[in-house]
Structure formats: structure tokens, C-alpha cells
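One structure is given here, and the rest of the page talks about it.
Where a number appears in this text, it was derived from the coordinates with a stated rule and is not lab data. Just so you know, these numbers come straight off a predicted model, no measurement behind them. Neighbour counts are summed over all protein chains in view; Cβ atoms, including those assigned to glycine, are modelled from backbone coordinates with ideal geometry.
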Amino acid sequence: MSEVAGRSKVLWSIVGWLVVFVFFFPVLWMWLEGFKTEPQAASTPPTILFVPTLAEFQEVLSGDFPPFFINSAIASIGSTLLVLVLGLPAAYALAIRPVKRSRDVLFFFISTRFLPFAASLVPLYLLARDLQLLDNILALVLIYTTINLPLGVWLLRSFLLEIPHDLFEAARVDGASFHHEILRIVVPLIAPGLAATSLICLIFSWNEFFYAVNLTSSVAATAPLFLVSFISGRGLFYAKLAAAATLASLPVLLAGWIAQRQLIRGLTMGAVK
Amino acid sequence: MSDTKLGSVQWRFVATTAIGLIVALAGSACAGAGGGGGGSNSKTITLAAVDNPQMADLKGLVSEFQKAHSDITVKIVTLPEDQLRQQVTQDVAANSGRYDLFTIGTYEVPLWAKKGWIENLSPFIAKDSSYDPGDLIPGVSKALSYNNNLYAVPFYGESSMLMYRKDMLAAKGITMPDHPTWDQVAAAAKAVNSSSVSGICLRGLPGWGEQLAPLDTVVNTYGGRWFDEKWNAQLTQPEFKAAVNFYINLVKSAGEPGAGNAGFTECLNAYNNGKVAMWYDATVAASNFTGAAATNSAYAYAPHVVKDWSGWLWAWALGMPSSSKKKDAAWTFADWATSKDYIKLVGQKLGWAHVPPGTRTSTYAIPEYQQAAGAFAQVTVQSIANADIAHPTVQPVPYVGIQYVDIDEFQQLGDQVSQEFAKVIAGGQTVDQALQKAQALAAAVGKKYQT
């Protein structure tokens with residue numbers, strides 16, 4: 001029996017690693033392509049064995065890339081902080097001290113995400129033009145905040161629901177104020193949840209392309225726009241694009257790696273009571 | 001008690017940080033707006049450009065411009081063609097003035113000039129005695145004009161030609177004439193086609209600027225047209241039908257595998273990797289050849305049937321939106337980037353193979369350029385010179401444009417029609433079925449012009 005169980009464990013491990021490989025392969029391939037020359041990157045059949053070169057990375061880095069990355073950092077970190085600052089009180093109101101018709105409020109929050117992005121573009125574009133916010137990073141900060149806020153509220157609410165109600169009762173008996181409750185009880189208890197929410201908002205904002213391409217041009221352009229500037233209509237560009245994409249993915253990878261432990265706890269928090 | 005006090009201090013800290021962040025963001029955003037938006041004293045101009053190798057070179061040489069014009073800062077935003085078209089259209093239609101210059105094609109210039117979206121550049125050109133507009137290749141300047149005035153200045157021009165591997169054709173005893181017919185090309189493609197090498201690469205990727213570009217030139221040379229003089233759609237006429245049948249049969253019988261997804265880049269890769277023996281596409285393609293493709297290629301004019309000189313005509317040109325607030329500074333840059341001196345600068349700084357082709361007649365008289373572009377320079381300049389956008393086919397047409405119909409609706413119409421042809425390539429329907437649907441789509445567009 002134990003032999004059968006052992007075999008089944010090995011089998012599931014193999015299946016697990018295969019699935020991981022399938023998901024990870026495109027990323028691995030992107031990394032490899034960045035270290036090839038342009039003809040190697042475009043060859044058929046694909047070049048597997050090659051002498052790695054940093055030429056394409058050098059070319060990408062010789063471009064004017066810092067402003068794109070700084071803009072992306074401002075837009076993603078700024079919007080993520082705003083989501084936390086606005087989302088946590090909202091989630092508290094919906095989870096700990098439910099307001100009237102809180103289910104309707106929750107539905108209203110998420111319904112703002114039902115609208116296709118393309119449908120909101122023209123009004124947002126005209127609004128940004130009239131408010132002098134075209135090619136202005138503040139426009140992206142605000143838009144990313146509004147996109148991520150419903151998600152943030154829902155996620156934070158689900159984490160808050162995990163906190164036993166007795167804890168709040170006990171704190172209130174001891175005379176804890178509302179601010180005290182949030183900072184002394186809620187924040188430490190849902191720290192993994194906050195990390196998970198932040199990372200998800202950060203990734204969404206860092207990778208967002210549609211609004212960035214339509215509302216910015218030179219001053220406020222973000223990292224995804226830096227990537228597409230390598231897609232050439234009349235030339236070879238795969239290796240350069242892969243090198244640029246590798247660089248653009250590094251900050252998110254780094255953030256994910258730093259938050260790894262918190263993230264796994266956060267993402268599995270609601271799974272088992 | 002002390003806990004409560006500490007709590008409120010922490011709370012104040014969080015609130016102060018949040019407010020500080022918002023203020024800082026607003027501050028940085030306002031600074032950003034000043035740099036890019038529109039301070040009237042600022043001499044920063046923004047150019048939205050299509051990404052191609054010549055434009056990448058321009059980006060690298062902007063510092064040379066700034067050495068001579070320290071009062072003008074140039075910011076170049078490069079985007080893929082479809083994104084650029086969307087952004088720039090938005091910008092001019094909403095009059096938002098994000099850009100002072102943009103690269104637009106021969107398709108947009110007459111349409112946008114008519115709408116008053118772009119500035120007439122002839123008065124600017126008249127002020128610069130060294131610009132020499134007479135040196136611009138006539139077909140190109142005609143395509144960029146409206147009411148005999150230049151509305152955009154050409155930065156890069158191309159036609160289409162046949163590129164082929166001399167060694168692969170010679171192995172089958174085939175000699176390709178300089179002006180081949182499509183039947184000769186098809187016969188050669190079928191003769192060299194094998195399990196490892198396809199006979200010819202022809203674009204199948206849906207899109208008016210992708211599959212339809214080469215296919216339209218085949219339609220033209222077969223004597224077909226999109227509309228007759230009274231804007232009646234002509235897609236089910238025998239000439240149109242014969243051309244589409246020929247193109248799709250050639251793709252299916254001797255074309256590249258996965259033709260439905262093959263555009264310029266895919267064909268370039270296939271040709272560079274020795275996977276196809278011939279390729280009919282843009283004249284600039286040859287400057288991207290590597291390895292055996294670079295050393296063993298020869299070039300022929302666009303294949304023909306009944307219409308001679310069937311190559312397409314396309315130019316990326318610098319246009320100035322009417323909404324620009326820095327027109328003089330913008331023109332100073334456009335003047336520099338499309339001048340004879342710029343061509344010499346590229347040749348001397350980056351090498352003569354980097355020179356933007358297809359804009360000025362004088363480029364083709366430069367010995368160093370002739371040597372660098374060698375085999376395809378003459379085919380390029382002759383093809384561009386003989387491409388006539390007003391007479392794309394043997395029958396009269398009410399529109400201009402060779403590989404497109406120069407009307408607003410064509411982007412959508414072309415995309416839809418090419419989707420129908422892609423379904424035929426994939427085996428999902430017959431040419432007749434595709435043409436019936438395409439005819440209905442074109443007829444609906446034609447009606448708008450009949451009143």
C-alpha cells in the first residue's frame with residue numbers, strides 16, 4: 001500500500017513539474033532569446049545551442065530607458081498605495097461593521113469592472129485632455145487606482161472576514177478606538193493579505209498597456225511602451241524585444257520574490273479555516 | 001492610555017504619508033505636463049514615429065541636430081505601426097496637440113490634408129532655399145500632396161519587388177528575367193518547392209497593410225479594381241476573381257507553411273533562414289538580409305500580367321498636426337531630417353547601407369550609396385518612379401492608391417476583406433464565397449460615395 005502511495009506521489013510530482021514547466025517555458029524562452037543575436041533569435045528551427053551575447057541588452061540599455069521605468073514605478077507604487085489607503089477602510093466597513101445593504105455596495109464596486117476598457121477610453125481621453133492630464137503620470141495613477149480599487153476592496157474584505165469577531169469585541173471592551181483597531185489589530189493580522197493585494201495591484205499596474213499607450217506620449221510613457229518601441233515594421237527585432245522584456249519583468253519578479261513568503265500565506269489565507 | 005496615544009500618532013503618520021504621496025504625485029505630474037504639454041516658450045518638440053530601422057537611426061542622430069539647434073529639444077516616441085496610427089488619429093481628431101510632428105503614410109496624407117488636420121508644408125519649404133523639393137522622387141511627392149501642395153515630407157519610401165535565391169533557382173535551371181510575369185514566377189515557385197524549401201513567401205496575415213498590400217498589386221496587374229468610376233464595387237468581376245484565385249492557389253501550392261500568419265517579419269525570417277526560395281515584398285526588405293540570403297540573392301521588378309509596373313508605393317513622411325503650437329521648431333527638425341545633408345550624415349556616421357531609401361533622386365547618384373545598396377538600388381528607384389497612384393490598374397478608377405483605396409473606410413473594409421481571404425487560405429471557404437462577402441462589404445462603402 002505504501003509503495004503504491006509512494007509511486008503515486010512521484011507521479012503527481014512529475015505532473016506538477018510538467019505543468020510548472022509548461023507555464024514557465026515562455027518566460028524561459030524570452031530570457032534565452034535576449035541572449036541571442038537577431039538572426040539566431042529568428043531562426044527556424046529555433047537555435048538551442050548558442051554562445052550568449054549581451055549585445056542586445058547593451059543596445060536596449062543604451063536607449064533612453066530610465067524615464068519609462070521611473071514612470072512605471074510612480075504609476076504602480078502610487079496607485080497601489082492609494083488602493084491600500086482607500087481600500088482598507090472600505091473593506092473594514094464592509095466586513096467588520098457592515099453598512100446597510102453592504103452586499104449591494106460590494107456588487108457596485110465590482111460592477112465597475114464589467115465595463116470593457118475600450119468603452120471608457122474616449123470619455124477618459126477627452127477628460128484627460130480637458131484637465132491637461134494627457135501625457136501626465138497623474139492620469140495613470142488615478143486610472144490604475146480606480147481599476148484596482150474594487151479588486152483591493154474585495155480581497156481585503158475576504159481577509160478581514162477571517163479575523164474572529166471576538167478579537168474586536170475584546171479590543172473594544174479595552175477601550176480601543178477605531179484607528180487603534182485598524183492599526184493594532186487589523187493591519188498586523190492581515191499583513192500577508194495586504195502583501196498579496198499590493199503585489200497583485202502592483203503587477204496589474206506595471207503591466208498595463210492599453211491606457212498607457214492611449215493617454216501618454218513622451219513624458220509619462222511607461223515600461224510596456226518602452227517594450228513595444230522595439231517592434232519594428234521592417235527589420236529583425238525578436239532578440240531586442242526579448243532583452244527589453246526581460247529587463248521590464250525584473251522589478252515585478254523582484255517584488256514577487258521579496259513578498260514571496262507573505263504572498264503564499266496571503267493567497268492561502270482563506271483556503272483552510 | 002499611552003497605547004491610544006501611540007495609535008493616534010501612527011494614524012497621523014499614515015495619513016500624513018498618504019497626503020504627502022498624493023501631493024508629491026501631483027507635483028511630479030505637473031512638472032511632467034510642463035515638459036511635454038504646451039508651455040508656449042518651450043522649444044521641446046515631440047515626434048511620434050513608426051518603428052523601423054531608418055527611424056531608429058534618426059533617433060541615434062538627434063544629438064547631431066541638437067548640436068546645431070541647441071534651442072530645440074526633440075523627443076521621439078516610437079510605436080509599432082498599428083499603435084502609431086491609432087494614437088496619431090486620436091491626437092489630430094481630438095485636437096489635443098500631444099505631438100508636433102508624426103510619421104504618416106501616403107494613405108493618410110491626402111485624407112488628413114482635406115480635413116485640415118495637417119499643416120500645408122509648402123510655405124515652410126519655400127522659405128528654405130537649400131531644401132530642393134524638386135529633388136524628391138516625383139511619385140512620392142505626388143502621393144504626399146493635396147491640391148498641389150506638399151502636406152508631409154518624405155523620410156522613407158518603398159515599392160515592391162521580387163527577391164529570389166539565385167543558387168536555388170539555378171539548381172533547377174531557372175533564370176528569372178528582370179521583368180517577370182506572374183506565370184513565370186508561379187512556374188519557378190512550383191519547380192523549386194520541396195518539403196524543406198517553399199517556392200515563394202507571400203503574405204497571408206490578415207490586415208489591409210499586410211496581406212492586402214501584395215494581393216492588391218496582383219489584382220491591379222490582372223486588370224482588376226475595387227470600384228468602377230461610379231463607385232460600384234467590382235470584387236466579383238473576372239479580373240479580380242482571377243487575381244485572388246491565382247494568389248491563393250500559389251500560396252497553397254508553393255507558399256510558406258502557416259501562410260495565414262505570415263506577414264513581413266515572418267517572411268523575412270523564412271527567407272533569411274533559407275526556408276523559401278523567393279519572396280515578393282517591400283523593396284527595403286533586401287537591406288535586412290543576412291548570411292546566404294545576403295550573398296546569393298537577386299532582385300526583379302514586381303511581376304506583372306496586363307498592367308506594367310505593378311509595384312506598390314508607400315512612403316513614411318513627416319507631417320505636422322495643425323494643432324502643434326511649435327510649428328517653426330517642428331519644421332526646422334522635419335527640414336533637417338528629410339534634407340540631402342541628413343542622407344549624407346547617415347552615410348558618413350552609420351554607413352551608406354543605413355541611408356533611408358526612396359525619397360530623393362540625388363541619393364541614387366551618390367557613388368558610396370550605389371556601392372552599398374548595389375543590386376537592389378536601381379530596382380527600388382525605378383519601381384518607385386514608375387508607380388502611379390492615380391492609375392493603379394489598366395481600367396479607370398475613382399480613387400487614388402495602389403495597394404489601398406485612399407478613402408477613410410478602407411482600413412476597416414480592407415481588414416474585413418483580408419479576413420475573408422485568410423479563411424480561404426485556411427481552407428474554411430472558397431474564393432467565390434469570400435468574394436461574394438467582400439463584394440457586399442465594398443458595395444456598402446461604395447454607396448456612400450455615389451450620392
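Couple of notes before you dig in:
- Cα shape, segment A:1-154, gyration tensor, a/c 1.5 rule: oblate
- Label separation (A:R265 vs B:Q416): 5.8 nm, computed from points 7 Å beyond Cα along the C-beta direction.
- A Förster distance of 35 Å, applied to the separation of the beta-carbon atoms of A:V15 and A:Q58, puts the FRET efficiency at 0.30.
- Relative packing of peptides A:54-65, A:179-190, B:307-318 - highest average C-beta neighbours within 10 Å first: B:307-318, A:179-190, A:54-65
- With the cut-off at under 18 Å, measuring from each backbone N in segment B:377-415 to a point 7 Å along the Cα-to-Cβ line of B:A444 picks out B:407-415.
- Placed amide H near B:S297: partners under 5 Å, 5+ positions off or other chain: B:K166
- Per residue of A:177-183, other chain Cβ atoms within 10 Å of the residue Cβ number 5 on average.
- Exposure proxy for A:K100, B:K327: other Cβ atoms within 10 Å of each Cβ, ordered fewest to most, give A:K100, B:K327.
- Neighbours of B:P321, meaning other residues whose beta-carbon lies under 13 angstrom from its beta-carbon, give a summed charge of +1 when Lys and Arg score +1 and Asp and Glu score -1.
- Longest segment of chain B lacking GluC sites (Glu not before Pro) that sit in a DSSP loop with at most 16 other Cβ atoms within 10 Å: B:1-228
- Relative contact order, percent, segment B:234-371 [alpha-carbon distance under 8 Å, six or more residues apart]: 11 percent
- If only the Cβ of Lys and Arg carry +1 and only the Cβ of Asp and Glu carry -1, the dipole of the protein assembly as shown around its Cα centre is close to 1540 debye.
- Close amide H pairs (under 5 Å, H built 1.01 Å from N) link B:R360 with B:I137, residues at least 5 positions away or on another chain.
- Taking 0.36 nm per residue of sequence separation and removing the Cα-Cα distance, the B:S194/B:D432 pair yields an extension gain of 82.8 nm.
- Set of aspartates and glutamates near A:K240 by C-alpha distance (under 18 Å), chain-local residues within fewer than 8 positions excluded: A:E33, A:E38, A:E56, A:E59, A:D64, B:D51, B:D57, B:E81, B:E266
- Debye, to nearest 20: dipole size of segment A:65-229, +1 on Lys, Arg Cβ, -1 on Asp, Glu Cβ: 280 debye
- Modelled FRET efficiency - R0 56 Å, A:R101 with B:D388, Cβ distances, 0.05 increments: 0.20
- Here the contact order of segment B:185-255, divided by its residue count and restricted to Cα pairs under 8 Å and six or more residues apart, works out to 32 percent.
- Test item: Cα-centred dipole of chain B, Lys/Arg +1 and Asp/Glu -1 on Cβ, debye: 600 debye
- Helix runs (DSSP H) in chain A reaching 18 Å along axis by Cα, Kyte-Doolittle at least 1.0: A:2-34, A:66-95, A:117-130, A:137-161, A:191-207, A:238-258
- Legend: mean number of C-beta atoms from other chains within 10 angstrom of residue C-beta atoms, peptide B:73-82, equals 5.
- Cross-link reach list, lysines versus B:K127, counting only Cα pairs under 23 Å and skipping chain neighbours closer than eight places: B:K43, B:K67, B:K142, B:K325, B:K326, B:K327, B:K340, B:K344
- For chain B: rounded, prolate or oblate by the Cα gyration tensor [a/c cutoff 1.5]: prolate
- Going from the fewest other Cβ atoms within 10 Å to the most, the residues B:D335, A:D130, B:D135, A:D135 appear in the order A:D130, B:D135, B:D335, A:D135.
- Here the spin labels are modelled as points 7 Å beyond Cα on the Cα-Cβ line, and at A:V22 and A:A5 they lie 2.9 nm apart.
- Straight-line cross-link reach from B:K241 at under 27 Å between alpha-carbon atoms covers these lysines, not counting any fewer than eight positions away in the same chain: B:K190, B:K230, B:K252, B:K307, B:K423, B:K437, B:K447, B:K448.
- For segment A:65-229: relative contact order, % (alpha-carbon pairs under 8 angstrom, 6 or more apart): 45 percent
- Residues whose placed amide H lies under 5 Å from that of B:K75, excluding near-sequence neighbours: B:I45, B:T46, B:L47
- Averaged over peptide B:292-302, the number of partner chain Cβ atoms lying within 10 Å of each residue's Cβ comes to 0.
- As a calculated quantity, the FRET efficiency between B:T361 and B:K127 at R0 = 22 Å, using C-beta atoms, amounts to about 0.50.
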